[in-house]
């Protein structure tokens, strides 16, 4: 049971957060994001559930050798992946999980993630994901480490993320970093926020009122 990837994509297909819990090349990461976006964007907003089988992701998440072994071993066990998502205004929060994960539990986990962001950033919007990558990643890391869910208590998640943010600011102040310096590259090598020239009219100021 594991979470393979967490991706946040806007309506234009731009990734605002992309975290992977296994080593994947940058080219595969980008192809995976495009594939996930097409899977989700082609589904109607009404009449369908928020999770779907995605066997085509196996070739992207696993090396060819391990993929062939997985298909030839453990008869009767589904080794495919699932995409579970929720829309919030102009953003789509997407979790890629293995078939052993509970779909409803992951839907609840997405809600916990969004509410934690909304608690950390008052009136959170897409700009916060672009320009506060470290804080967003810190919140996510409180929920998930190495693909395993560790914490679902929103108060505890926000408390630990705020403590980590204070520590980063204190460290930056002590080393006298230039004002405004910030990391825009994730630990997995996927660049976040580079193509951020999206019109402000599309950004949501209140996600919680548009939850689905």
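Here are the numbers for this structure:
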quantity	calculated
Out of 109, 140, 117, 129, sole residue that is at pLDDT 90 or above and either in a loop (DSSP other than H, G, I, E, B) or surrounded by fewer than 20 Cβ atoms within 10 Å (Cβ to Cβ) (or both)	140
Test: residue 192 is modelled with pLDDT under 90, touching a strand residue (DSSP E or B) at 6+ places or on another chain (Cβ under 7 Å) and crowded, with 19+ Cβ neighbours inside 10 Å	yes
Which numbered condition residue 24 misses (of (1) at pLDDT below 90; (2) touching a strand residue (DSSP E or B) at 6+ places or on another chain (Cβ under 6 Å); (3) within 20 Å of residue 141 (Cα to Cα))	(2)
Residue list for region 20-54, filter: part of a strand (DSSP E or B) and crowded, with 20+ Cβ neighbours inside 10 Å	20
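The values are calculated or read from the model by the stated rules, or taken from the named source; none is laboratory data. If you're wondering where the values come from, they're calculated on a predicted model, not measured in any experiment. FYI the Cβ positions are ideal-geometry reconstructions off the backbone, even for glycines, and counts take in every protein chain you see.
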